Amino acid sequence: MTMTAALQNTDYKTIETLAHRLKGASGGYGFAELTDMGKFLEISAKNRHAAEAQKWINAMSQYIEQVEIVYE
């Protein structure tokens, strides 16, 4: 399930779980900004704040779209 679908279904537990996993994975790869967004989304889900959660989902989506893969 995607975060957007979970939010549409008011499935805050799934959003919280996915945000927590994303936070950990992105931190491990050095994406500090994405890690912070995941943290804020996780908090928004815990507090059941739909508008705030949507804001962070959108921000993460935009961030990920701008990531460029560089092979050295």
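Kindly indicate the residue of the range 27-72 that is more than 20 Å from GLN8 (Cβ to Cβ) and small (Gly, Ala, Ser) and also modelled with the highest pLDDT among those meeting that condition.
ALA32
In a loop (DSSP other than H, G, I, E, B), without any contact (Cβ under 8 Å) to a residue 24 or more places away in the chain and either out of contact with any helix residue (DSSP H, G or I) (no Cβ under 6 Å at 6 or more places or on another chain) or not polar (S, T, N, Q) (or both), is that true of GLY30?
Against the criterion (in a loop (DSSP other than H, G, I, E, B), without any contact (Cβ under 8 Å) to a residue 24 or more places away in the chain and either out of contact with any helix residue (DSSP H, G or I) (no Cβ under 6 Å at 6 or more places or on another chain) or not polar (S, T, N, Q) (or both)), GLY30 qualifies.
Looking at THR10, THR17, which one is in a loop (DSSP other than H, G, I, E, B) and either at pLDDT 95 or above or within 10 Å of the chain's Cα centre (by Cα) (or both)?
THR10
The values are calculated or read from the model by the stated rules, or taken from the named source; none is laboratory data. Bear in mind the structure is a predicted one, so any value in this text is a computation, not a measurement. We place every Cβ from the backbone using ideal geometry, glycine too, and count neighbours over all the protein chains shown.
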